[in-house]
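Just below is one structure, and these are the notes that go with it.
Read-outs: derived from the displayed coordinates by stated rules, not from any lab. Quick caveat, the model's predicted, so the values are computed rather than measured. Here the Cβ positions follow ideal geometry from the backbone for every residue, glycine too, while neighbour counts run over all protein chains shown.
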Amino acid sequence: MNRGFPLRFHEDNSESVNYTAGSLPIRSVMSVQEDYPTLSVPNHWHNDFEFSYVTKGHMKYSVNGEIVELNEGDMIFVNSAQLHYGFWEKKETCEFLCVLFGLELLSSVPDSVISKLIGNSSPSYIIFRSSDIKDKTVIDKLTRLNSVCEQQKDGYELSAVTLCYETASSLFERCTGTFRELPENNRRLSELHAMIGFIQGHYTEKLSLEEISASGQVCRSKCFELFKEFVGKTPVDYLNEYRISKSIDLLKSSDMNVTEIAVRCGFGNSSYFAEVFRKYIGKSPRQFQQDSK
């Protein structure tokens with residue numbers, strides 16, 4: 001099962017998605033809460049459409065700072081270029097399917113149609129409930145897409161692209177004329193996009209609040225305001241949490257020692273790394289590494 005992936009970034013600071021469907025710009029993976037010891041997926045954004053379908057348990061989801069609850073059988077669609085992440089308030093059993101596909105799959109669709117899917121008049125997210133017949137039809141398309149991409153039988157590309165187009169058609173019915181963001185909110189999100197992209201691209205380095213603020217071309221107080229409003233935490237808390245998430249990948253999969261990982265993830269020294277790690281995970285990095293082997 002394909003789980004976890006390193007984040008890469010485009011020049012606009014959006015995430016470069018690690019696709020899993022051969023030559024197609026589609027990513028489809030099953031995940032469980034245990035894959036995220038911090039109880040949170042890193043807050044990020046990208047230009048792809050994203051769908052998260054809860055197959056067991058429940059989770060919470062933040063989209064541009066708005067929190068929604070997803071129960072078993074619920075699916076959230078997150079529109080292009082929205083800041084989002086899933087999280088939990090406590091350890092529990094949760095399994096979910098995450099599917100993304102790039103807008104380039106819809107290259108034959110006129111720009112006038114695409115703009116109605118992703119423009120300012122479109123919602124930043126949509127909730128689908130399996131208890132609703134029409135919603136379940138869309139959910140079934142995404143689960144079918146996952147199966148097609150996982151099996152990759154001869155000619156699977158035709159079925160996968162067809163399912164993406166059918167899903168986009170269903171989205172079009174729901175995305176037109178339902179919501180309009182204020183231009184001011186768009187500008188604030190653009191500033192935050194830049195700062196989050198800067199952190200995720202430079203987390204291995206020693207970063208100051210001034211550098212983070214400057215990456216979004218805002219002052220320190222505006223930086224704090226944007227992070228608290230849309231991310232729900234301070235810039236430093238976000239930076240530390242992101243560094244911890246990257247250190248977890250190394251503790252699980254590399255032969256590096258704790259000191260090497262601390263430096264690689266931007267903590268500077270192992271004692272500070274251990275202090276922050278214990279705060280988020282509840283055990284020392286060394287103990288976590290031993291438990292993961």
Practice prompt. Could you line up PHE172, PHE49 from fewest to most neighbouring Cβ atoms inside 10 Å?
Written response: PHE172, PHE49
Worksheet item: Mind checking which aspartates and glutamates have their C-alpha under 18 Å from LYS141, skipping anything on the same chain fewer than 8 residues away?
Response: ASP48, GLU50, GLU72, ASP74, ASP132, GLU150, GLU157, GLU166, GLU173
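Please give me, ordered by residue number, the GluC sites (Glu not before Pro) of segment 187-238 that lie in loop per DSSP and have at most 10 other Cβ atoms within 10 Å.
Those that pass, being in a loop and sparsely packed, are GLU205.
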Worksheet item: Sorted by average packing, counted as other Cβ atoms within 10 angstrom per residue and highest first, what order do 128-135, 70-77 take?
Response: 70-77, 128-135
Worksheet item: If amide H atoms are built 1.01 Å from N in the plane of the peptide, which residues on other chains or at least 5 residues away come under 5 Å of the amide H of PHE49?
Response: PHE101, LEU103
Discussion item. Residue by residue through segment 130-135, what is 3J(HN,Hα) from phi via Karplus (6.51 cos²θ - 1.76 cosθ + 1.60, θ = phi - 60°)? Round to whole Hz and write x for glycine and proline.
Written reply: 5, 6, 9, 4, 5, 5
Practice prompt. Please list the non-local residues whose amide H lies under 5 Å from the amide H of ASN64, H modeled 1.01 Å from N, same-chain partners needing a gap of 5 or more.
Written response: LEU83, HIS84
Worksheet item: Along segment 262-270, what does the Karplus equation 6.51 cos²θ - 1.76 cosθ + 1.60 (θ = phi - 60°) give for ³J(HN,Hα), rounded to whole Hz, x for Gly and Pro?
Response: 4, 5, 4, 9, x, 7, x, 8, 6
Item to complete: For SER122, enumerate residues with amide H under 5 Å from its amide H, sequence gap 5+ or separate chain, H modeled in the peptide plane.
Response: none
Item to complete: State the volume of the convex hull built on the alpha-carbon positions of the chain, expressed per residue in Å³ and rounded to an integer.
Response: 134
Fill in: Long-range tail of P(r) for segment 8-175 (Cα pairs > 25 Å, %)
28
Discussion item. Output the 0 to 90 degree angle, nearest 10, between the alpha-carbon long axis of helix 156-175 and the longest principal axis computed from the alpha carbons of the chain.
Written reply: 90
Practice prompt. Just tell me which lysines come within less than 25 Å, Cα to Cα, of LYS228; anything on the same chain fewer than 8 places away is out.
Written response: LYS60, LYS90, LYS91, LYS206, LYS246, LYS279
Fill in: Charge-dipole axis of segment 156-293 as Lys and Arg at +1 and Asp and Glu at -1 on Cβ define it, positive-most pick from THR234, CYS175, TYR272
TYR272
Worksheet item: ³J(HN,Hα) across segment 237-246 via Karplus (A = 6.51, B = -1.76, C = 1.60, θ = phi - 60°), whole Hz, x for Gly/Pro?
Response: 4, 5, 4, 5, 5, 5, 4, 4, 4, 6
